[in-house]
1. Could you work out the helix-only [θ] at 222 nm for the chain, with each DSSP H run of four or more residues adding -39,500 (n - 2.57) and the total divided by the number of residues, to the nearest 500 deg cm²/dmol?
2. Give the separation of the Cα centroids, the range 393-424 to the range 86-130, in Å.
3. Out of all DSSP beta bridges in the chain, what portion is antiparallel? Express it as a percent rounded to 5.
4. Report the charge-dipole magnitude of the range 28-237 in Debye, nearest 20, computed about the Cα centre from +1 at each Lys and Arg Cβ and -1 at each Asp and Glu Cβ.
5. Given the Cα-Cα distance of A233 and K118 and 0.36 nm per residue of separation, how much length would full extension add, in nm?
6. Restricting to the range 28-237, compute how many DSSP beta bridges are antiparallel as a %, nearest 5.
7. If each residue of separation counts as 0.36 nm, what is the full-extension length gain between E416 and K153 once their alpha-carbon separation is subtracted?
8. How many percent of DSSP beta bridges within the range 260-446 run antiparallel, rounded to 5?
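Every number here is computed from the coordinates shown, using simple stated rules; none is lab data. Every value quoted in this text rests on a predicted model; they were computed, and no experiment measured them. So basically every Cβ, Gly included, is an ideal-geometry build from the backbone, and we count neighbours across all protein chains shown.
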Amino acid sequence: MKRIITGGLLAVALLCPGAMADAAAWAPETFTLDNGMEVVVVPDHRAPVVTHMVWYKVGAVDEAEGKSGLAHLFEHVMFKETENLGPEEFTTIVQRNGGQLNAFTSWDYTAYFERVAKPQLGKMMELEAERMVNLKINDDPEGPFISERDVVKEERRQRIENNPGAILQEQVLSTLWKGHPYEITVIGVMDEVAALTPEDGMAFYEKYYSPENAILVVAGDVTTDEVRMLAEATYGQIEPTGTVDGTRKWAPVPLLTENELIVHADPKVRQPSWSRYYSGLSQSRQRRESYALDVGLSVLGGGMTSRLYQALVEDEQVAIDVNTYAWTTLHDEGPAIISASPVDGVTLDELDTAVMAKVRDILAGGFTDAEVARARNSLAAEAIYGRDSQSAMANTFGSTLALGGTVDEILNYPDEIRSITTDEAIAAVRKVFGEDRHYIEAELVPAEGGI
């Protein structure tokens with residue numbers, strides 16, 4: 001998780017007793033429907049608006065071998081047609097009532113959301129409950145499944161195959177996660193997506209789209225009693241399918257066993273870039289150590305005040321930017337990354353040498369208590385001030401619970417991150433970027449005929 005907030009005012013506010021009192025008064029509530037659906041209510045009475053989210057504990061990690069992209073394709077199909085809603089009617093109803101809606105798929109979960117005026121909350125629950133049980137899937141070439149399969153194929157062309165940086169990242173992550181369920185990108189491999197059938201879609205739907213596999217999060221101008229009444233009248237009427245056994249394909253990610261270089265050249269590249277990907281940590285598996293890593297990476301390369309930026313961009317002027325960050329919010333271990341782009345006249349080999357020499361010097365000398373305290377306070381401040389955003393809170397609660405986390409982990413995060421010591425922060429970074437750790441070096445370079 002990379003959270004960066006700079007500036008003295010935030011740090012002052014974070015340590016202000018008034019700010020802490022407001023944070024302590026923030027009190028989400030939870031309950032579970034009889035059919036197993038978890039519910040989180042996050043009251044926010046500043047405006048008569050609610051954010052309504054349904055999270056399903058299924059993502060790309062759960063796809064059968066050879067069926068990559070199915071979880072993401074299914075997200076598209078969910079917006080198309082049900083037994084009681086015509087094509088695109090779901091979206092039309094939400095927008096006609098002044099609402100916003102969307103969805104997203106991860107390796108670990110799939111989430112759907114609507115943001116509407118408070119009086120429309122019941123209607124949103126009716127709509128989501130309808131598509132939880134009555135989705136239409138057929139083999140009509142113009143029907144919801146096959147037509148959206150073509151949409152996803154085009155999306156892959158635009159987002160991955162036409163994007164040099166995305167192509168390189170896909171290659172790197174497939175190598176980093178080789179043999180792990182994360183190995184294939186969420187959008188899937190083109191040939192496998194093209195071969196997905198309506199029967200695949202129906203089997204996926206019947207197995208995973210059930211109330212006992214879902215989490216409802218409502219943030220906004222509501223009380224727990226109001227949400228409970230509406231949820232019981234809509235979602236509570238759905239019988240669990242009994243097909244969800246709670247098992248996932250999650251597994252620890254093995255460390256890299258050798259160094260690799262992956263170079264992607266493309267005429268569309270205007271600015272070369274260099275990165276190193278190391279085996280990282282996961283908040284779900286190594287919570288405190290991953291918090292320490294986030295703090296340490298913020299000190300090392302987390303913005304314009306960081307050690308690496310000041311040394312390589314401001315002082316030595318060999319890079320136009322440099323960053324360090326880690327994907328710690330997946331259930332299983334994601335990468336920890338050092339990245340930089342050179343100034344004109346500096347080669348990627350020279351940049352590699354300069355960056356890694358500086359990393360080794362910094363890690364040998366360690367961090368100061370003052371800079372670790374600033375990083376800790378910035379991360380805690382961002383979490384606390386994020387509570388002002390309905391959508392941010394709905395996403396935080398939904399994603400955490402979908403990964404098997406708890407509400408207490410969210411509530412305690414600011415205190416836990418502030419308790420990270422200087423020794424813990426430097427130890428986490430030294431471990432992940434250690435000389436004994438293997439890495440994947442990734443280079444994105446222009447090719448002949450570039451624009």
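1. Value at 222 nm, helices only, nearest 500: -12500 deg cm²/dmol.
2. 27 Å
3. Details: 45 of 58 bridges.
That works out to approximately 80 percent antiparallel.
4. Details: 18 positive and 37 negative charges, 124 e Å.
With Lys and Arg at +1 and Asp and Glu at -1, about 600 debye.
5. Working: separation 115, 0.36 × 115 = 41.40 nm, distance 1.67 nm.
Gain on stretching A233 to K118: 39.7 nm.
6. Numbers: 26 of 32 bridges.
Here the share of antiparallel DSSP bridges comes out near 80 percent.
7. On the way: separation 263, 0.36 × 263 = 94.68 nm, distance 4.28 nm.
That works out to 90.4 nm of additional length.
8. Working: 19 of 26 bridges.
Percentage antiparallel, nearest 5: 75.
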